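Step one of this worksheet: look at the structure below.
Readers should treat all values here as calculations from the given coordinates under stated rules, not as data from a laboratory. Since this is a predicted model, take the numbers as computed values, not measurements. Reconstructed Cβ throughout: ideal geometry from the backbone, glycine too, with neighbour counts over all protein chains shown.
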Amino acid sequence: LGDSSSSNTLDTPQVGMCFSAEEEVRDFYKSYAQGLGFGISKLGSKKGDDGQIKCFSFGCSKNGKTIPKVKNSFYPRACSKTDCKAKINITVQNDELCVITSIQLDHNHALSLRKSRYFRCNRVLDSQTKMKLELNDQAGITLSKSFQSYNLLLKLVVMKIYRLMRESVEIMWLKHGD
């Protein structure tokens, strides 16, 4: 509990590790990936005859290849896929326990710890911002207008703080002048 060196270590996925739910596996692999500097995505899942998920896998977000859909071959678009094979396979046992069955940890691209917070899987919105964006979406307000309204609100708050600070300085000068 009090050992600070254990908090800095990164738990590496191991075959046989057990988790209680898919979300727990995702959170574990996401923290591992963020610590190394790559993004993750769910690669797929298979359901049994009863409709329950039997196995699934998470892997590097650079997994797979993209097929270029460019009409003008003189200006090809940049592609972030490198066919990276890093992934973990998980099976769901009868008692709903998720167990890591196979692991591939080798990446075929550079890992960037500094950029890991910008990956799609690591972006997190606070609940207030998320709620505001959802309400604006339901009202038909576009994303750019949402951010413009946020910037306007921020400007109003800054102006109010500035006005209060200016008033307090004026009061202080009046008291000091007496």
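Ordered by packing density, taken as the mean number of other Cβ atoms within 10 Å over each peptide's residues, highest first, how do 28-41, 45-58 rank?
28-41, 45-58
Each residue of region 92-99 in turn: what ³J(HN,Hα) in whole Hz from Karplus with 6.51, -1.76, 1.60 and θ = phi - 60°, glycine and Pro shown as x?
In residue order, the calculated couplings are 9, 7, 4, 8, 6, 8, 9, 10 Hz.
Hey, which aspartates and glutamates would be in cross-link range of Lys65, C-alpha to C-alpha under 15 Å, not counting anything within fewer than 8 residues on its own chain?
Straight-distance partners of Lys65: Asp83.
Just to be sure I understand the model, the point goes 7 Å from the Cα along the line to the Cβ. What's the resulting Glu167 to Thr82 distance in nm?
5.7 nm
Full-extension gain between Met159 and Glu134, please, as 0.36 nm times their residue separation minus the C-alpha to C-alpha distance.
6.3 nm
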